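Undergrad: Below is one structure. I have some questions about it.
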């Protein structure tokens, strides 16, 4: 496996893991934000309606009519008309229940028995809550006709009302799903772009310079002179390229010196060879069997003539003779004369 592939296999899982963790965290935070935004919107809607109820009740109290059922009923109906005129999303509805869990009003005109069975427990929970609990914390989930909903509620004690604003949880989940799908898509695109960008950057700033340096090293190993390596980055690879250029120059100088020494040696060998050949050409040697007379010591030449030994040797070699006399011959031929003393 090439170095680029090894590094890619090492980095890509880290990139994918990082993007996966970031995407998971983003989805989680987006889900929390959607829930907060949903409950903020629902609280805003119900908080916008509550002043109308309180205003009608204050008018009754101000005029001393809060104990007269007919007037209280008229003001309640006026508050319900205001609720009926509210513009609400199709997936939500506002409804009011009394302390006994009976339906007083519903913006979608649902059956009272269905509403009572679905929301009676929530009414009791809110009524039994401590007075110290802020009204904005009356939130929760409930199942209505097989549909899970989220709600916010306010208790209006003077009229023994509990006002709910409910929204299908599927709407919230749908928004979460859209965000999750969008996040996954964006994460996938970011992963592909990140990996592609990393491979491009790695190839340009690392793999390509390494290939160029490797090719140059191979050329230097084969004895070729590499004057310039096309790696101009100001990093370790650039320093390595400059050092290899210097090394190539030094190798070429050393090879030139070796060649020069070799040429000188060859010239010297040729000179010595010529001198030796000249010397050998001057040397004459005697080879083979020489016929020599057993008495006079004459030697017979190739033509059959008998010649004096010294004459034959002088003719067939470079040797020259100088005459002297040995001790034996001196005593024999010149008795009484000392010819051998210095």
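This table checks each residue for (1) closer than 27 Å to residue 5 by Cβ; (2) touching a helix residue (DSSP H, G or I) at 6+ places or on another chain (Cβ under 6 Å).
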{"site": "191", "(1), (2)": "yes, yes"}
{"site": "206", "(1), (2)": "yes, no"}
{"site": "212", "(1), (2)": "yes, no"}
{"site": "227", "(1), (2)": "no, no"}
{"site": "239", "(1), (2)": "yes, no"}
{"site": "255", "(1), (2)": "no, no"}
{"site": "258", "(1), (2)": "no, no"}
{"site": "264", "(1), (2)": "no, no"}
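Undergrad: Follow-up. Take residues that are more than 30 Å from residue 33 (Cβ to Cβ) and tell me which of the strands (runs of 3 or more DSSP E) falling wholly in the range 135-253 contain 1 or more. Walk me through how you get there before you give the answer.
TA: On the way: elements: 139-144, 147-156, 161-168.
Qualifying strands (runs of 3 or more DSSP E): 147-156, 161-168.
Undergrad: Looking at (1) exposed (fewer than 13 other Cβ atoms within 10 Å of the Cβ); (2) more than 24 Å from residue 115 (Cα to Cα), which is the one condition that is false for residue 66?
TA: (1)
Here is a yes/no grid of residues against (1) farther than 30 Å from residue 123 by Cα; (2) touching a strand residue (DSSP E or B) at 6+ places or on another chain (Cβ under 7 Å):
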position	(1), (2)
157	no, no
165	no, yes
182	yes, no
195	yes, no
217	yes, no
223	yes, no
241	yes, no
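Undergrad: Do any residues in the range 263-282 that are in contact (Cβ under 8 Å) with a residue 40 or more places away in the chain and outside the structural domain of residue 318 (by TED's automatic domain parsing) have Cβ atoms under 8 Å from those of residues that are in a helix (DSSP H, G or I) and surrounded by 10 or more Cβ atoms within 10 Å (Cβ to Cβ), where the two are at least six apart or on different chains, and which pairs are they?
TA: none
Table: residues versus (1) more than 30 Å from residue 188 (Cβ to Cβ); (2) in contact with a helix residue (DSSP H, G or I) (Cβ under 8 Å, 6 or more places away or on another chain); (3) part of a helix (DSSP H, G or I); (4) at pLDDT 85 or above.
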residue	(1), (2), (3), (4)
25	no, no, yes, no
31	no, yes, yes, no
56	yes, yes, yes, yes
60	yes, yes, yes, yes
70	yes, no, yes, yes
82	yes, yes, yes, yes
90	yes, no, no, no
93	yes, no, no, yes
120	yes, no, yes, no
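The values are calculated or read from the model by the stated rules, or taken from the named source; none is laboratory data. Please read all numbers here as calculations on a predicted model, not as lab measurements. A quick note on method: Cβ atoms are made from the backbone with ideal geometry, for glycine too, and the neighbour counts reach across all protein chains shown.
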